[in-house]
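The values are calculated or read from the model by the stated rules, or taken from the named source; none is laboratory data. Here the structure is a predicted model, which is why all the values come from computation and not from measurement. Backbone-built Cβ (ideal geometry, glycine too); neighbour counts: all protein chains shown. Each accessible area value is taken on the protein alone, full model and side chains, heavy atoms only, with ligands, DNA and RNA left out. Shrake-Rupley method; radii C 1.70, N 1.55, O 1.52, S 1.80 Å.
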Amino acid sequence: MTSKSTQDSTMAPIVARGIRKHFPGNVRPTLDGVDLTVEAGRVCALLGGNGAGKTTMIRILTTLTRPDEGRARVAGHDVLREATRVRASIGLVGQYAALDELLSARENLELFGRLSGLTRRGARDRADQLLETSGLADVGRRPVGAFSGGMRRRLDLATSLITTPGVLFIDEPTTGLDPGARHDLWDSVRALVDAGTTVLLTTQYLEEADALADDVVILREGAVIAQGTPEDLKRLVGEPQMVLREPTLEDVYFHLHATESGAPAA
Ligand SMILES: Nc1ncnc2c1ncn2[C@@H]1O[C@H](COP(=O)(O)OP(=O)(O)OP(=O)(O)O)[C@@H](O)[C@H]1O
Ligand SMILES: [Mg+2]
């Protein structure tokens with residue numbers, strides 16, 4: 001941290017360099033030297049198919065898994081040496097969230113509020129606010145076990161917003177949701193970003209990265225194979241008039257393999 005430049009990317013809310021993780025018993029490393037920078041107030045989509053290493057990268061950045069090699073700073077704190085500070089500065093919406101199925105949405109939110117250190121009254125007020133802003137006010141007293149996938153995902157997101165985090169990680173926000181629920185969730189994420197939160201999300205859908213992200217990083221077999229804005233990546237796949245349907249992640253893979261030059265400008 002010797003540079004005084006305000007553009008210094010080491011000051012960005014998420015900075016990772018040379019992240020490597022090889023789980024025992026696996027033939028190849030899950031992450032093989034990944035660099036990632038997300039500047040303040042931006043949404044970055046970590047895009048990749050099953051097993052690409054997306055969840056592992058999120059787990060490392062949120063202090064849940066130790067990398068074998070590499071360094072990462074989140075919200076200005078080192079993920080290894082200052083894990084407690086990192087945890088206090090972030091929100092995490094996991095791929096599989098831990099909600100109590102028997103409790104109502106409101107009770108789940110109150111419980112998370114109490115665990116975050118709010119008073120009983122504070123937790124109740126925050127739960128009501130979050131139900132309102134998540135569009136769940138009408139179903140807040142129903143047990144979570146009876147929720148649809150879309151309602152459930154919005155509640156997952158709400159639980160990570162009890163104390164407004166500066167940096168939010170969302171692992172596959174809309175996998176398994178129908179288009180209506182997917183668009184509602186996108187709106188919730190956009191509202192957060194408007195309020196100043198920096199977001200790193202993972203997705204398997206190019207369409208989702210296109211709809212939400214300022215920057216896209218494509219991960220394959222633990223390595224970054226392309227990165228840029230959604231426009232950069234769509235240009236890579238082909239001219240719009242040549243594409244008869246929306247390009248998919250497979251189109252990007254195919255194109256990267258078909259061209260000798262490989263990744264676009266990093
Ligand atoms: N704790 C672990 N122990 C052993 N192997 C693991 C562990 N966690 C992840 N892996 C392996 O690392 C690879 C990448 O897993 P990861 O969950 O990061 O991928 P992903 O991109 O999130 O995939 P998905 O889209 O299916 O969620 C997989 O092959 C997985 O088996
Ligand atoms: Mg995953």
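Between residue 101 and residue 81, take the C-beta separation as r, use R0 = 41 Å, and let me know the FRET efficiency to the nearest 0.05. It would help to have the intermediate numbers written out before the result.
Values: r = 37 Å, r/R0 = 0.91.
Step by step, r from the Cβ atoms, then E = 0.65.
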Inset, instruction - Take 11, 151, 57 and sort them by solvent-accessible surface of the protein heavy atoms, 1.4 Å probe, largest at the top. - result: 11, 151, 57
Inset, instruction - Decide, for the range 136-206, between rounded, prolate and oblate: order the square roots of the alpha carbon gyration tensor eigenvalues as a ≥ b ≥ c, take rounded if a/c falls under 1.5, and otherwise choose prolate if a/b is larger than b/c, else oblate. - result: oblate
Legend entry - Per residue accessible area of the chain, 1.4 Å probe, in Å²: 52 Å²
Inset, instruction - Please find, in a Gaussian network model of the chain (springs between Cα atoms separated by less than 10 Å), the residue of 115, 212, 249 whose mean-square fluctuation is greatest. - result: 115
Inset, instruction - Starting from the Cα of residue 193, step 7 Å along the direction of its Cβ; do the same at residue 128; then give the gap between the two resulting points in nm. - result: 3.2 nm
Inset, instruction - Grab the beta carbon distance between residue 20 and residue 88, set R0 = 22 Å, and tell me the FRET efficiency rounded to 0.05. - result: 0.25
Inset, instruction - Kindly express, to the nearest 10 degrees and within the range 0 to 90, the angle between helix 249-258's C-alpha long axis and the longest C-alpha principal axis of the chain. - result: 20 degrees
Legend entry - Residue with peak Gaussian network fluctuation, the chain [Cα springs, cutoff 10 Å], from 163, 62, 248: 248
Legend entry - Where the Cα pairs of the range 88-176 fall when distances are cut into 5 Å bins, in %: 3, 16, 27, 27, 20, 7, 1, 0
Inset, instruction - Give the whole-number value, in cubic angstrom per residue, of the convex hull volume spanned by the C-alpha atoms of the range 30-114. - result: 135 Å³
Inset, instruction - Please identify, among 215, 184, 138, the residue showing maximal mean-square fluctuation in a Gaussian network model of the chain using a 10 angstrom Cα cutoff. - result: 138
Legend entry - the range 72-124: C-alpha gyration tensor shape, a/c 1.5 cut-off, then a/b vs b/c: oblate
Legend entry - Accessible area of the chain belonging to carbon and sulfur atoms, whole % at 1.4 Å probe: 50 percent
Inset, instruction - Please report Rg over Rh for the range 11-258, where both radii come from the alpha carbon positions and Rh follows the Kirkwood definition. - result: 0.98
